[in-house]
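K.L.:
Handing you this structure, nothing more for now.
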Amino acid sequence: MIVRDVMSRSVRSVTPDTKVMEVASLMCLYRFHGLPVVEEGNRLVGFIAEKDVLHSLFPTVERLMEEGMGNVDLDREMAKYKDVLVRRVSELMTPNPVVVGPDVHVLKGATVMVRHRLRRIPVAEDGILLGVLSLGDVHKAIFHANLADKLKVD
């Protein structure tokens, strides 16, 4: 079973110039946890995940040590979210993301995701986005493959 057989093909993507407000809206309204970032011709240039959007709100370890955990006003930190929303995707995205090819075995794709601590990964060929593979896609495909075999046996 190869990645091409189980990946999601209808993928929502954004451009480097997209405002983070649009990305955050898609993430919150449609439960997208991450989006591929593409340029003209569907050329993959990055990936933006929820952690990228929220990262600037997290106090640094140095700051927590300097000011003390109880002295950092976390509500004030959360209020900085408005400042993140006006930024562009290119400022927050992970450029040149880890990808998997469409013709690799699904378990190899899953291994790449686990090794890089990703739950979803762009599927690209020659730099062109073809889809996204998630651990859920892999699990569902393996489940169906084994369930079908089980039904044939019984």
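K.L.:
What's the center-to-center distance, using Cα atoms, between the stretch 77-98 and the stretch 5-46 in Å?
P.N.:
That distance is 13 Å.
K.L.:
Can you give the calculated 222 nm mean residue ellipticity of the chain, where each DSSP H run of n ≥ 4 adds -39,500 (n - 2.57) and the sum is split over every residue, rounded to the nearest 500 deg cm²/dmol? Write down the numbers at each step before the final one.
P.N.:
Values: 9 runs with 71 residues, N = 154.
Helix-only estimate at 222 nm: -12500 deg cm²/dmol.
K.L.:
Specify the angular offset, from 0 to 90 degrees and rounded to the nearest 10, of the alpha carbon long axis of helix 106-115 from the longest principal axis of the alpha carbons in the chain.
P.N.:
The two axes meet at around 20 degrees.
K.L.:
Net charge around VAL72, counting only other residues with Cβ within less than 11 Å of its Cβ (Lys, Arg = +1; Asp, Glu = -1)?
P.N.:
Working: positive: ARG63, ARG76; negative: GLU66, GLU67, ASP73, ASP75, GLU77.
Here the charged neighbours net out to -3.
K.L.:
Just to confirm a number: summing +1 for Lys and Arg and -1 for Asp and Glu over residues other than LYS19 whose beta-carbon lies under 9 angstrom from that of LYS19, what do you get? Show your work: numbers first, answer last.
P.N.:
Values: positive: ARG87, ARG88; negative: ASP17, GLU22.
Local charge sum for LYS19: 0.
K.L.:
Same structure again: Taking the Cβ of ARG87 as the centre, find all other residues whose Cβ is under 12 Å away and add up their charges (Lys, Arg: +1; Asp, Glu: -1).
P.N.:
Numbers: positive: LYS19, LYS80, LYS82, ARG88; negative: ASP17, GLU22, ASP52, ASP83, GLU91.
Combined, the nearby Lys, Arg, Asp and Glu give -1.
K.L.:
Here's something else I'd like to know. Which whole-number percentage describes the relative contact order of the chain, with Cα contacts under 8 Å and a sequence gap of 6 or more? Don't jump to the answer; show the numbers that get you there.
P.N.:
Values: 209 pairs, mean separation 48.6, N = 154.
Over the chain, the number comes to 32 percent.
K.L.:
How far is it, in nm, from the label point at ALA145 to the one at ARG31 when both lie 7 Å from their Cα along the line to the Cβ?
P.N.:
That separation, rounded to one decimal, is 2.6 nm.
Every number in this text was worked out from the coordinates using simple rules, so none of it is lab data. What you see is a predicted model, and the numbers here were worked out from it, not measured in a lab. Neighbour counts are summed over all protein chains in view; Cβ atoms, including those assigned to glycine, are modelled from backbone coordinates with ideal geometry.
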